[in-house]
Each structure stands twice: as C-alpha cells, then as structure tokens.
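Just below is one structure, and these are the notes that go with it.
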Amino acid sequence: MALLLRTFARQGVCLSKPQYSFLYRHAAPMGTTAKDEMNKFWAKNARLNRPMSPHITIYQWSVPMMMSITHRGTGVGLSGAISAFAVAALVLPGNYPYYLDLIHSLSIGPILIGLAKFGIAFPVSYHTYNGIRHLYWDVGKGFKIPEVYRTGYTVIGLSIITSIAIAMI
Amino acid sequence: NTHLGLELRLLLLYSDHTLKLRRLCFLGRTQVIKAVHGRLLLQPLQRSWTPETHRCCCCRCCYRALFYQSALLARPLVVPNKYQEQPHLLTARIHSSQALYAGSDSKAASLHWTAERVLSILLLAMGPVAYFSPGPVIDYSLAAALTLHGHWGIGQVLTDYVHGDTKIKIANASLFVLSTVTFAGLCYFNYNDVGICKAIALLWSK
C-alpha cells in the first residue's frame, strides 16, 4: 500500500512541486500586438493568393447590419461633400452668393427643391441620431437584441421625421 | 499526520452540489480541508467520477468522490505533506501568467478612441449653438470639429478595408492631405466668404 502510494507520488508530483513552478511561471504567449497579428494575417493570405470567402454576398441582411453600413455610408458621403465644398471654395472664382444665384436662376420647381433639401437633411440627421445610438452603446447600454432593434427603429423614425420637417422650412 | 508522510486527497461532490476537498486520514475518516467554490480549483480538473455514490456516515448526505487531478497529471494527485495547502496555488500560478500581456505598454489606441467620442459629443453640442447664435467663433469651431471628426472617421474606414503596409501608408497620407485641404478650404470660406452658418441659412432660404 505504501509502495503504491509512493509510486503515485513520484510519478504524479514532479511538476506540481513548487520548485518546478519557475518552468511555467512566465508562460505567456510570444509578444505581438493586435496590429502585427492582423498585418501578418493579411500578408500571408495575400502572398498565398487566397480568395476571400463569401460573406456579405451570402449572409442574410438584418436591420442592424443595414443601419450600420448606412451610418458608414452617410459618414463617408458627408465627409466627401464637405471636402468637395472646401476644394470648390479654394478653386472656384467668385463667392458663395454668386453661385447661389446661379442655382436660383435655374428655376427648379418647389418639389425638386424640397427633394434636394430632404436629400441633404436625411444623411445629416440619420448620421447624427445613429451617432447618438453609438454613443449609447459606448457607455455600455442597449446591447440586448430587442433593445438594438428598438433603438434602431427609433433612429430611423426620428431621421425621417426630422428630415421632412427640415426640408419644409 | 499519517506515519507514511503521505495523504490522499479526495474532492467530494455532495448531493447538494457543494464541493469539499477532504483529506483521507490515518483512521480512514475524512477531514474537510477546503470547501471549494471557485473556478480556480476546477479549471484544470479532469473529472473522473467513481461509480458509486456513498452515504456519509455522520451527516447522512450522499457524495461522490472525484479524484483531484490537474491538467499536468492524468492520475490522482497524491500530495506529500508539506505541500498540502498548495494545490490551489499551483493553478493560480499557471493562470496568473496569462495576465502578463504581450505587446507594448502604449495607451495611444485607447486614448484615441476616447478622443473620438469626446469630439463627437462636442460636435453634437455645436449644432444648437450654430443655430441659435451663428458667428465667426462657431464657424471656425465647426470647421475644425467637422474636419477632425471626418478625418478620424475615414481613418477608421481605411483601417477596416485597406491592408498591406505600403497601401496603408499611402491611404493615410492621402487622407491627411485631403483633411488638410478641407480645413484650409473651410477656413478660407469662413474668412473670405459668408461663413458656414450663413451659408447654410442662405441655402435654405431658397
């Protein structure tokens, strides 16, 4: 019995002895940053000429997905519009009221004007309201799926109402 | 305790789902040494159930014996006397090394994230101010905030979709040039022309 126990002890205890803990004490993975890891991933797959797996072409679209990409789309669009405006201000001769009168003289009907105003107001208001929703997520709230949908529909509704109201000013 | 200097440890799972680490003593009785709740002890545990369920002679609850095992061993652990208080510390030592993070100490990315959110909130506040009290101060503030918010936003888009060291460098450099030109153009507009707030007001009065 004693022999049996001693055999177990000899085989079993080796690494569990505290004096062996120095072997695994600093058993941390090799030091790389997340950025390095990501770059390595892309470099390897590009080097091996691997095709990308289908993702947005096969995954079923959902409202949160569409709202997210719309937020990005409106953001990029608005940024581009602001940059275009700034470049135009630097490059074009004449001042702002001059070009405004130019557009006035084109005699565009009120419906088209309203549509154009809606077209400007909607990206701004959608991006703003969804931005607030993002900030709400950033403080850690509203991640449950029903909440995501509820806040999402609220943003869409508010955006449409605000845009129509602004377009009618 | 025992004259052999060895003792057997059993992890007993009771019918009320409590776990107790018990020491099998010389006289064949068991002594509770630790009531185990936490994950720390169980994490590396390979459970090997003994088939029989026993009835405790004193308290009449039933228990099943689990031999305490660690991932390092594949057999019951028989721990010599002087290490008797240590087993949970072994696992603690293995797992605490995961807390050593790999990579640099820099908080730059985290601070950037926070700055982005602060700027967004600032920009939100500027909306009503621009509406209710337009003027050159809010014009230039809006120019700066809009440009920076757009710059950081497009920066995130580039980070998501552009891969490869050279391509990333080129994309970020181009973005920097674009943002600089945008800010310059907006400031020029504010200085030499009607200004952002007035421009929107005029556009809407059409």
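For region A:44-169, just say rounded, prolate or oblate: build the C-alpha gyration tensor, square-root its eigenvalues into a ≥ b ≥ c, call rounded for a/c under 1.5, and beyond that prolate if a/b exceeds b/c, oblate if not. Oblate shape, in that a/c is at least 1.5 and b/c is the bigger or equal ratio.
3J(HN,Hα) along region B:149-160: 4, x, 4, 5, x, 5, x, 5, 4, 4, 4, 6 Hz, from the Karplus curve 6.51 cos²θ - 1.76 cosθ + 1.60 with θ = phi - 60°, whole Hz, x for Gly and Pro.
Neighbours of residue B:121, meaning other residues whose beta-carbon lies under 15 angstrom from its beta-carbon, give a summed charge of 0 when Lys and Arg score +1 and Asp and Glu score -1. Once the C-beta distance of residue A:32 and residue B:32 is scaled by a Förster radius of 41 Å, the resulting FRET efficiency is 0.35 to the nearest 0.05. A crude spin-label estimate for the pair residue B:14 and residue A:46, with each label 7 Å from Cα along the Cβ direction, gives 6.2 nm. Label-to-label distance, residue A:92 versus residue B:114, with points set 7 angstrom from Cα along the beta-carbon direction: 4.3 nm. Each residue of region B:107-115 was assigned a 3J(HN,Hα) from its phi angle through the Karplus curve 6.51 cos²θ - 1.76 cosθ + 1.60 (θ = phi - 60°); the sequence is 9, 4, 5, 5, 5, 4, 4, 4, 4 Hz, with glycine and proline shown as x. Label sites at residue B:170 and residue B:137, each approximated as a point 7 angstrom past Cα along Cα to Cβ, lie 4.5 nm apart.
When A and B come together, around 4500 square angstrom of accessible surface is lost from both chains combined, probe 1.4 Å. Peptide packing for A:96-108, B:115-127, B:194-206 was compared via the average number of neighbouring C-beta atoms within 10 Å per residue; ordered from the highest value, the list is B:194-206, B:115-127, A:96-108.
Heavy-atom surface analysis with a 1.4 Å probe gives region A:129-169 a carbon and sulfur content of 76 percent of its accessible area. With all protein chains in place and ligands, DNA and RNA left out, the 1.4 Å accessible area ranks B:132, A:143 as B:132, A:143, largest first. Does a label point 7 Å from the Cα of residue A:63, set along Cα-to-beta-carbon, have any residues of region A:132-169 with amide nitrogen under 12 Å, and which are they? Under cut-off, by backbone N: A:145-158. At an R0 of 22 angstrom, the distance between the Cβ atoms of residue B:157 and residue A:134 translates into a FRET efficiency of 0.90.
Per-residue shielding of B:187-196, expressed as the average number of other chain Cβ atoms within 10 Å of the residue Cβ, stands at 3.
The values are calculated or read from the model by the stated rules, or taken from the named source; none is laboratory data. Treat the numbers as computed from the prediction; the structure is a model and nothing was measured. Heads up, the Cβs are rebuilt from the backbone with ideal geometry, glycines too, and the neighbour counts pull from every protein chain shown. Each accessible area value is taken on the protein alone, full model and side chains, heavy atoms only, with ligands, DNA and RNA left out. Shrake-Rupley method; radii C 1.70, N 1.55, O 1.52, S 1.80 Å.
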